[in-house]
1. Considering only region 190-212, state which residues are under 17 Å from Met370 (Cα atoms), in contact (Cβ under 8 Å) with a residue 60 or more places away in the chain, more than 12 Å from the ligand (Cβ to nearest atom) and not aromatic (Phe, Trp, Tyr).
2. Kindly indicate whether Leu308 is under 30 Å from Met242 (Cα atoms) and not β-branched (Val, Ile, Thr).
3. Can you say whether Gly236 is surrounded by fewer than 16 Cβ atoms within 10 Å (Cβ to Cβ) and outside any strand (DSSP E or B), as far as the supplied structure shows?
4. What pairs can you find where one residue is in region 80-101 and open to solvent by 80 Å² or more (accessible area, probe 1.4 Å), the other is in a loop (DSSP other than H, G, I, E, B) and within 11 Å of the ligand (Cβ to nearest atom), and their Cβ atoms are less than 7 Å apart, with a gap of 6+ or different chains?
5. Condition test on Glu166, is it within 16 Å of the ligand (Cβ to nearest atom) and either at pLDDT 95 or above or under 22 Å from the mean Cα position of the chain (by Cα) (or both)?
6. Cβ-Cβ under 7 Å, sequence separation 6+ or interchain: first residue in region 160-189 and open to solvent by 20 Å² or more (accessible area, probe 1.4 Å), partner within 14 Å of the ligand (Cβ to nearest atom) and not in a helix (DSSP H, G or I). Which pairs?
7. Name the residues in region 67-87 that are closer than 22 Å to Glu180 by Cβ and touching a strand residue (DSSP E or B) at 6+ places or on another chain (Cβ under 7 Å), would you?
Amino acid sequence: MAIKYEKLIPRFLEYAKQNTRSDENSTTIPSTERQTEFLKKLAEELMEIGLSDVKIRKVDSYLTAELPSNLDYDVPVLGLLSHVDTADFNSEDIKPKIVENYDGKSVIKLDEAGKYTLDPAVFASLKNYAGQTLITTSGDTLLGSDDKSGVSEIITAMEYLINHPEIKHGKIKIGFGPDEEIGTGATHFDVKDFGADFAYTVDGGPLGQLEYETFSAAGLKVHITGKDVHPSGAKGIMVNSMLIANEFQSMLPADEVPEKTEGREGFFLLTDETGTIDHTDMAYIIRDFERDGLEARKNKITEIVKALNDKYGADTVKIDMKDQYYNMYEIMKDHMEVVKIAEEAMKNLNIEPDEAPVRGGTDGSTISFMGLPTPNLFAGGENMHGRFEYVSEEAMEKAVDVVLEIIKLNSQKK
Ligand SMILES: [Zn+2]
């Protein structure tokens with residue numbers, strides 16, 4: 001089968017091999033130097049293919065560029081965004097593997113020995129890819145389709161427009177940012193300098209995903225102070241901080257955890273816990289689709305802290321609770337035309353839009369709240385963030401098709 005966009009896959013394979021893992025313990029922007037190196041290489045490539053105003057912005061480390069309009073009238077300025085970092089999983093020496101003409105039922109060996117496999121009995125999504133060419137990991141690393149797919153697709157779409165000047169389009173701004181996976185990249189985003197009227201992150205999963213509703217999110221740190229004395233004389237004196245931590249957890253609704261919720265249900269997730277008798281630290285993430293639901297969950301935490309401090313003494317339990325991002329729909333509901341263009345583009349290409357709410361956040365949640373409505377489009381990847389990640393060439397091509405179709409529809413908004 002003829003590849004419509006010749007450089008799409010070679011480009012993706014080259015990007016995937018470069019380690020751009022972010023680091024949540026770093027305090028620099030970007031969190032890792034390897035992201036800066038990658039952004040510099042991309043900047044050179046953007047200049048080579050002929051984009052204008054290519055720059056890596058100091059304020060947020062976003063690489064931005066422009067494709068000027070070739071229309072003689074004004075249409076809204078479209079922004080296209082993706083992120084260059086990869087998730088918290090081994091990213092050393094990534095060796096993407098290509099499985100041509102996959103039959104939709106075979107077990108794919110990732111490493112030579114076959115310790116890790118992609119098995120349709122485990123990963124049912126594989127059945128959707130009969131007849132397609134898959135790109136997988138070789139077992140030890142992630143693939144980084146999240147979000148090198150999005151980066152490759154956006155650049156390929158821009159190159160296509162530059163090589164086909166007969167295709168009419170408005171002004172397009174593109175932006176590649178760092179540190180999405182650690183939740184900090186978009187918080188610095190300079191939305192004014194970017195200068196788009198509406199945008200999409202190309203950072204979603206399988207074919208058809210179109211996301212404009214996300215969780216509202218808060219992060220919680222719990223610090224519990226105990227009192228450690230020798231057990232022999234402990235009666236009435238010892239306070240075991242780990243047991244208070246257990247009590248804290250037991251006061252949360254037992255069924256409101258990710259493994260027991262789905263769809264529009266929220267949760268409390270204990271993500272980390274370290275303790276001694278003297279001191280225990282816990283970390284939670286709190287998620288809900290409704291803003292008042294998030295507030296109710298935060299109130300629940302405050303009540304538990306109060307109850308425990310009443311029981312064990314003031315300041316036994318201290319917390320640090322911060323909102324992280326809000327449901328993008330709060331903004332998108334007033335800008336549904338941005339969703340409509342993407343839906344129309346997909347329908348024109350016979351792709352069924354999948355608009356299920358995201359049980360997570362996207363950079364677009366943060367950016368939408370800065371005033372730039374930014375839903376999330378599929379980039380094609382499956383099983384993100386680990387060794388079982390894969391993407392099909394066909395899904396990546398369709399992502400480029402959708403981007404170009406959105407550009408075409410927007411050019412008609414006279
Ligand atoms: Zn991503």
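1. Passing the criteria: Asp190, Val191, Asp193, Gly195, Ala196, Asp197, Ala199.
2. Against the criterion (under 30 Å from Met242 (Cα atoms) and not β-branched (Val, Ile, Thr)), Leu308 qualifies.
3. So Gly236 passes the test.
4. Once the first residue is open to solvent by 80 Å² or more (accessible area, probe 1.4 Å) and sits in region 80-101, its partners that are in a loop (DSSP other than H, G, I, E, B) and within 11 Å of the ligand (Cβ to nearest atom) give Asp88/Glu181.
5. no
6. Note: pairs meeting the criteria are Glu180/His83; Glu180/Asp85; Glu181/Ser22; Glu181/Asp85; Glu181/Thr86; Glu181/Ala87; Glu181/Asp88; Ile182/Ser22.
7. Once the filter is applied, which keeps residues that are closer than 22 Å to Glu180 by Cβ and touching a strand residue (DSSP E or B) at 6+ places or on another chain (Cβ under 7 Å), region 67-87 yields Leu78, Gly79, Leu80, Leu81, Ser82, His83, Val84, Asp85, Thr86.
Results for (1) open to solvent by 20 Å² or more (accessible area, probe 1.4 Å); (2) out of contact with any His (no Cβ under 8 Å at 6 or more places or on another chain); (3) within 16 Å of the ligand (Cβ to nearest atom), shown as yes or no for each residue.
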| site | (1), (2), (3) |
| --- | --- |
| Glu337 | yes, yes, no |
| Ser365 | no, yes, yes |
| Leu372 | no, yes, no |
| Gly380 | no, yes, yes |
| Ser392 | no, yes, no |
| Ala395 | no, yes, yes |
| Leu404 | yes, yes, no |
| Ser411 | no, no, no |
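The values are calculated or read from the model by the stated rules, or taken from the named source; none is laboratory data. Keep in mind that what you see is a predicted model, and the values were worked out from it rather than measured. Counting neighbours? That spans all protein chains shown, and the Cβs are built from the backbone with ideal geometry, glycine included. With ligands, DNA and RNA removed, areas are computed over all heavy atoms of the protein, side chains included. Shrake-Rupley method; radii C 1.70, N 1.55, O 1.52, S 1.80 Å.
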